[in-house]
Amino acid sequence: MSSPENLPLETAQKIILRWDSTASEEAREKMIFDQTTANREEIDLYLQAVDEIQRSISSTSLSDDHHHTKPTSTIQIAMARLEDEFRNILISHTNPIDPSLDEDSSFSSKRLNEDEVSYGGDNDDEDDDKLLRFDSTCSVATTATTTSSYRSTSSIREIDLIPSEAVSDLRCIADRMISSGYLRECIQVYGSVRKSAVDSSFKKLGVEKLSIGDVQRLDWEQLETKIRRWIRAAKVCVRTLFASEKRLCEQIFDGIGTSIDDACFMETVKGPAIQLFNFAEAISISRRSPEKLFKILDLHDALMDLIPDIDAVFDSKSSESIRVQAAEILSRLAEAARGILSEFENAVLKEPSKVPVPGGTIHPLTRYVMNYISLISDYKQTLYELIVSKPSNGSRNSGDPLSPDMDFDEVEEKPPLAIHLIWIIVILQFNLDGKSKHYKDASLLHLFIMNNVHYIVQKVRGSPELREMIGDDYLKKLTGKFRQAATSYQRATWVRVLYCLRDEGLHVSGGFSSGVSKSALRERFKAFNAMFEEVHRTQAVWLIPDSQLREELRISISEKLIPAYRSFLGRFRSHIESGRHPENYIKYSVEDLEDAVLDFFEGIPVSQHTRRRSQ
């Protein structure tokens, strides 16, 4: 719009005094820039009056005290009024941000580019009127918005925190306050109101005011929930809330003075930004323990993803401390992750439980460790970057009987993370070997090793990422170990049972006998029956949780036991049946043995199997 004629000074002073809230009830109850009742002519007239007073002060000789005093007192009244108006407009538009706004939201991004908005572009007339309602001293700062480098960051999603008409009014007021020497008051009012708005958004996003000490006193279950909430909130805070606050400052203050927009931005968000990042900092320096690794990696990944946006939004010299804080937290999170992995290795090595697990089943430590490293493989992209050194010599102490040995030359070509995972499995096996010694039954010792190493193999095979890192060569070694344990179990259990079914010692020569010692044969059947009954009773309550492995071992037992018993029974049955009470010696048919083998490794007593078969 074209500038109207300059107001006479006396008229300008009357307009200012009419809106003096200290002298007029009407002025106290009504706002000039009230968006619901505002009269644009009234607003423009008041701004003209302020401009005229400012011109008068500028042109009046400093030595002419008589003429200078009244405009000066009038401008003070005007500035007090404009400060109230400025505050009122800001307070009228302090709605907290929508928590659902994140990088996938469908709300309209307000990033502008020079093709879309420019003073000389092809925008329609309505938009031009909206943007250029005032003259050049208080038009919305579109130029700064379009040229800021961070507008091109695709993850940043700016929104209009205040309607464009209100922004224009704020810019007009700020321009006049600052030119009259009221910069400090303007920044203080702006920062106070907008910081309150940011605080409201924080509450809605679930960002709590917690000191580092508060965070470190929370138990881990509570922290896990808060970390998940923080990650979601931090994305919205940096990419939408802080970015939009920065844009608003530019729209209102850019070009009015030197770095005033940045001063207002930092006055608004520095405290909240520090509050936001203090949570991540508290986690990064908290006591390390294995269960924290994955949430720390989640935090690390989220912050790593946000660093370019943080650098873009906080790109000024005055906001350098925010950038530095974020970078230092990221570094500490990385160091925490490395430290936790090392401490986890040590914890697995020294896990102290000595009570054997019943039935030789999978030890809780085995499940925990393998589930843990399976989760590690899910974070392999991050950990490949963080884990840059192999396990230290100090952690393996080659030749120390209290620590496992590992030939690192065999895995020399693998990334450090993969070597760490193999090393953890080596440590786990070393610990399991120690725990197996607490079984008094050698057969159960071997079954325990078989179960646990088989579980390790299955977990590696079941995770493509883990299998890729561990490699087929080491997987073959593990497979060989559990198969060897299965063979050792069979030797420890069945060699002595099958020894009863040998021919040696049963034949006699001379006299009128048939060549077979019936007494020796009866003793042999009795020994077999007793041994098999004991094995059956004992090993039915042993447990092989994996159904395929259980079936394979039963088949292997049957392939050795059943043919040997069938042959022995076929050769010597007649010698027993021709004597007295043959049922005392031939207790099992071949079919009975076949059924009995099916009871093995189910983890339940024989009596329950018997009831089940009889039903």
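The values are calculated or read from the model by the stated rules, or taken from the named source; none is laboratory data. All of these numbers come straight from a predicted model, not from anything done at the bench. No Cβ is skipped: glycine too gets one built from the backbone with ideal geometry, and neighbour counts run over all protein chains shown. Accessible surface is based on the protein model in full, side chains and every heavy atom, while ligands, DNA and RNA are left aside. Shrake-Rupley method; radii C 1.70, N 1.55, O 1.52, S 1.80 Å.
Quick notes on this structure:
- Taking the stretch 560-612 as the range and being more than 60 Å from the chain's Cα centre (by Cα) and among the small types (Gly, Ala, Ser) as the test, the residues that pass are Ser567, Gly570, Ser574, Ser578, Gly579, Ser589.
- One residue from Val207, Val198 being in contact with a Leu (Cβ under 7 Å, 6 or more places away or on another chain), farther than 26 Å from Glu85 by Cα and either in contact (Cβ under 8 Å) with a residue 24 or more places away in the chain or open to solvent by 30 Å² or more (accessible area, probe 1.4 Å) (or both): Val207
- Residue check for Leu521: touching a residue at least 40 places away in the same chain (Cβ under 8 Å) and under 58 Å from the mean Cα position of the chain (by Cα): no
- A single entry from Val269, Val215, Val236 fulfils the requirement of being touching a Ser or Thr at 6+ places or on another chain (Cβ under 8 Å), in a helix (DSSP H, G or I), of a type in the set (Val, Ile, Thr) and open to solvent by less than 30 Å² (accessible area, probe 1.4 Å): Val215.
- Test: residue in the stretch 450-466 that is among the hydrophobic types (A, V, I, L, M, F, W, C) and open to solvent by 20 Å² or more (accessible area, probe 1.4 Å): no
- Options Leu293, Leu276, Leu297, Leu341: the member that is under 17 Å from the mean Cα position of the chain (by Cα), buried (at least 21 other Cβ atoms within 10 Å of the Cβ) and farther than 22 Å from Leu210 by Cα: Leu341
- Residue list for the stretch 316-365, filter: of a type in the set (Val, Ile, Thr) and assigned to a helix (DSSP H, G or I): Ile322, Val324, Ile329, Ile340, Val348
- Of residues in the stretch 1-36 being part of a loop (DSSP other than H, G, I, E, B), closer than 19 Å to Ile91 by Cα and open to solvent by 60 Å² or more (accessible area, probe 1.4 Å), the one modelled with the highest pLDDT: Lys30
- Remark: pairs (first residue in the stretch 529-544, under 10 Å from Ala596 (Cα atoms); second residue open to solvent by less than 30 Å² (accessible area, probe 1.4 Å) and charged (D, E, K, R); Cβ separation under 8 Å; 6+ apart in sequence or on different chains) = His536/Asp599; Ala540/Asp599.
- In the set Thr479, Thr487, only one residue is in a helix (DSSP H, G or I) and open to solvent by less than 30 Å² (accessible area, probe 1.4 Å); that residue is Thr479.
- Looking only at the stretch 467-476, and only at residues there that are assigned to a helix (DSSP H, G or I) and within 31 Å of the chain's Cα centre (by Cα), the one that is surrounded by the fewest Cβ atoms within 10 Å (Cβ to Cβ): Asp472
- Reported count of residues in the stretch 493-511, each being of a type in the set (Asp, Glu) and either open to solvent by 60 Å² or more (accessible area, probe 1.4 Å) or modelled with pLDDT under 85 (or both), is 1.
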